[in-house]
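FYI, it's all coordinate maths here, none of it is from the lab. Fair warning: this is a prediction, and the values are worked out from it, not measured in the lab. Positions of Cβ are backbone-derived with ideal geometry, glycine not excepted, and every protein chain shown enters the neighbour counts.
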Amino acid sequence: MSIDWGYAWRALIKNWPLFWYGVKVTMAFAIVGTVFGFLIGLIIGAIRSVPIDPLDTPFMKGLKKFGRGLTGLYIWVFRGTPMMIQACFIYYLLRPVIGWTPITAGFIIISINTGAYMAEILRSGIQSVDPGQMEACKAVGMTNFQAMVCVIFPQAIKNTFPAIGNQLVVNLKDSCMMNAISVTELFFQSSSIAGSNMKFVEIYFDTAILYLILTTLATWLLNWVEKWMSRDTQEEGKKKKKIFMEMSS
């Protein structure tokens, strides 16, 4: 079966308002899901990375173990089940209770799902930071919270930025799963247009191109930010080297 390229182009232009609305919703889901998922992951990753000190009281040790167990269960469930199933289960479970709209539910579900992946990404980033830095922070009188916020988190985020940015690209594509609860994102709009015109191949070709454009733009932006961050690190290293050379001379 051949593609009618002319019709694909005409359909894109004719239905552009519908496509554009779907693109905006998809972008909103990707951005909101990544930002709030990052915040959730930061909290969960920090809880899972807090060491159990032999000097802790039995209550504190029990609290830390409970926190690890609870966050581990959250990660296990949300990483081990499809987001589409999560969306349907949570939306229909809570709709009679709180009466939320599909788009509100979608924002919350994609954020919670992303948070489970972000938690493991950030936990690995926190663990990649030299443990001696935490000891140095304690030596100068900083609390665990101050050390994590001021010293550990910035380095962990920088170390894991490519993986964090990749979640934005993943969310751009996976937002189509919210179609299961009738969120009018890009895939939902495309299905509606294709169903009304009975031109599924051409419409879904247009949709694929739009997704490809979105993910390509996101990748370019993330690559630029990563280069900017690495350039900043290189300049900081040069300054330290210059200071060291001046002190040595």
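Neighbour counts of other Cβ atoms within 10 Å put 177, 198, 229, 27 in the fewest-to-most order 198, 229, 27, 177.
By the scheme Lys and Arg +1, Asp and Glu -1, what is the net charge of all other residues having a beta-carbon under 15 Å from that of residue 86? Let's see the in-between values first.
Details: positive: 79, 95; negative: 174.
After counting each charged neighbour, the total is +1.
For the stretch 139-227, the ratio of Cα radius of gyration to the globular rule of thumb 2.2 N^0.38 Å stands at 1.66. Cβ-to-Cβ counts within 10 Å put 4, 130 in ascending order as 130, 4, the fewest first. Membrane-span-like helices in the chain, defined purely by DSSP H runs whose alpha carbon atoms cover 30 Å or more axially and whose average Kyte-Doolittle hydropathy reaches 0.5, are 16-49, 102-128. Volume per residue of the convex hull around the Cα atoms, evaluated for the chain, comes out as 173 Å³. Among the chymotrypsin sites (Phe, Trp or Tyr not before Pro) within the stretch 91-158, those in coil by DSSP and having at most 16 neighbouring Cβ atoms inside 10 Å are 100. In a simple Cβ point-charge model (Lys, Arg +1; Asp, Glu -1; nothing else charged), the chain has a dipole of about 280 debye relative to its Cα centre. Annotation for residue 212 and residue 226: the two label points, set 7 Å from Cα along the Cα-Cβ direction, are 2.2 nm apart.
Each Lys or Arg adds one and each Asp or Glu subtracts one; over the other residues with Cβ under 14 Å from the Cβ of residue 32, this totals -1.
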